[in-house]
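**Q** Quick one: the structure is below, and I'll ask about it shortly.
The values are calculated or read from the model by the stated rules, or taken from the named source; none is laboratory data. Everything numeric here is computed off the predicted structure, so don't read it as measured data. Backbone-built Cβ (ideal geometry, glycine too); neighbour counts: all protein chains shown. Ligands, DNA and RNA are excluded from the accessible area calculation, which covers all protein heavy atoms including side chains. Shrake-Rupley method; radii C 1.70, N 1.55, O 1.52, S 1.80 Å.
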Amino acid sequence: MEAVPAYVDGADSLASAMALSASQDYQLWLFDAHLPDGSGIDLLERLRRSHPRTPALAHTATGESEVRDRLIASGFSEVLVKPLPAAAIRCAIRRLLGLPEHDQPAAPASAAGQSAVWDDDGAARALNGNRAHIATLRGLFTQELPNARRSILAASQLGNLEAMRGELHKLRASCGFVGAARLGEAVQALQAQPDSRALLNQFDLAAQDTIEQAG
């Protein structure tokens with residue numbers, strides 16, 4: 001879902017979901033029809049009391065038409081039947097958010113075979129074509145990037161992989177919004193193998209290039 005790109009929050013219980021919804025507004029909800037401590041229909045009904053217009057996606061391993069009809073009738077915009085590829089989930093999310101439904105091609109490559117540091121077209125797609133906001137958001141992003149870089153490197157030195165993943169998770173979504181293509185790829189690779197020294201060095205170089213080429 002982060003590859004849409006999107007900021008994603010997860011909740012492991014109905015109480016957590018309700019707490020998140022009370023602290024901020026979301027553009028979309030996605031949750032299972034059958035939850036450990038309740039049902040998706042019950043959760044949606046509770047969320048709708050304070051957020052009546054937020055679109056919602058349900059996913060379920062049950063393919064019966066009556067289950068789908070019941071979920072749609074309860075207010076879900078679409079029902080996704082598991083298992084399904086990640087691209088299908090992203091397509092449904094983009095559809096409900098009014099974004100292009102298909103995965104976009106990779107950012108243009110540099111002569112050395114790496115992605116370009118900045119992908120202007122990718123940033124424009126993430127901002128629904130509003131190129132006027134790109135420079136402003138990139139300025140904020142590059143101001144915050146040195147702190148994020150230091151936090152990730154410090155967590156690596158301490159062997160705190162959980163803290164690393166948390167920082168990388170936030171940074172990856174931000175990269176997508178501002179079109180930080182090379183850094184986004186380095187972050188994604190490091191997320192998959194946070195204990196890799198080579199990938200950490202790759203991330204550090206990408207962060208340095210991103211800061212130096214800001215503008």
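**Q** Can you confirm whether THR142 is at pLDDT 90 or above and in contact with a Lys or Arg (Cβ under 9 Å, 6 or more places away or on another chain)?
**A** no
**Q** Suppose we filter segment 14-31 for residues that are open to solvent by less than 30 Å² (accessible area, probe 1.4 Å) and among the polar types (S, T, N, Q); how many remain?
**A** So the count comes out to 1.
**Q** Could you tell me whether segment 84-96 includes any residue that is among the β-branched types (Val, Ile, Thr) and either open to solvent by 60 Å² or more (accessible area, probe 1.4 Å) or modelled with pLDDT under 90 (or both)? Don't jump to the end; show me each part of the working.
**A** So in segment 84-96, the residues among the β-branched types (Val, Ile, Thr) come out as 89, 93.
Checking the rest, the ones that are also either open to solvent by 60 Å² or more (accessible area, probe 1.4 Å) or modelled with pLDDT under 90 (or both) come to 89.
Looking through segment 84-96, at least one residue is among the β-branched types (Val, Ile, Thr) and either open to solvent by 60 Å² or more (accessible area, probe 1.4 Å) or modelled with pLDDT under 90 (or both).
**Q** Follow-up. In the set ASP69, ASP9, which member is open to solvent by 50 Å² or more (accessible area, probe 1.4 Å), under 28 Å from PRO100 (Cα atoms) and outside any loop (DSSP other than H, G, I, E, B)? I'd like the intermediate steps shown before the answer.
**A** Numbers: ASP9 fails: outside any loop (DSSP other than H, G, I, E, B).
On inspection, the qualifying residue turns out to be ASP69.
**Q** Let me ask something else. The conditions are (1) touching a strand residue (DSSP E or B) at 6+ places or on another chain (Cβ under 9 Å); (2) closer than 26 Å to SER174 by Cα; (3) open to solvent by 40 Å² or more (accessible area, probe 1.4 Å), and SER74 fails exactly one of them. Which is it?
**A** Answer for SER74: the failing condition is (2).
**Q** Which is open to solvent by 30 Å² or more (accessible area, probe 1.4 Å), touching a strand residue (DSSP E or B) at 6+ places or on another chain (Cβ under 8 Å) and either under 21 Å from GLU212 (Cα atoms) or not in a loop (DSSP other than H, G, I, E, B) (or both), of GLU185, GLU144?
**A** GLU185
**Q** Within segment 202-213, restricting attention to residues that are open to solvent by 80 Å² or more (accessible area, probe 1.4 Å) and at pLDDT 90 or above, which residue is farthest from GLU144 (Cα to Cα)? First the steps, then the outcome.
**A** Kept after step one, since they are open to solvent by 80 Å² or more (accessible area, probe 1.4 Å), are these residues of segment 202-213: 202, 205, 212-213.
Narrowing further to those that are at pLDDT 90 or above: 202, 205.
Values: GLN202: 19, LEU205: 16 Å.
Among them, the one singled out is GLN202.
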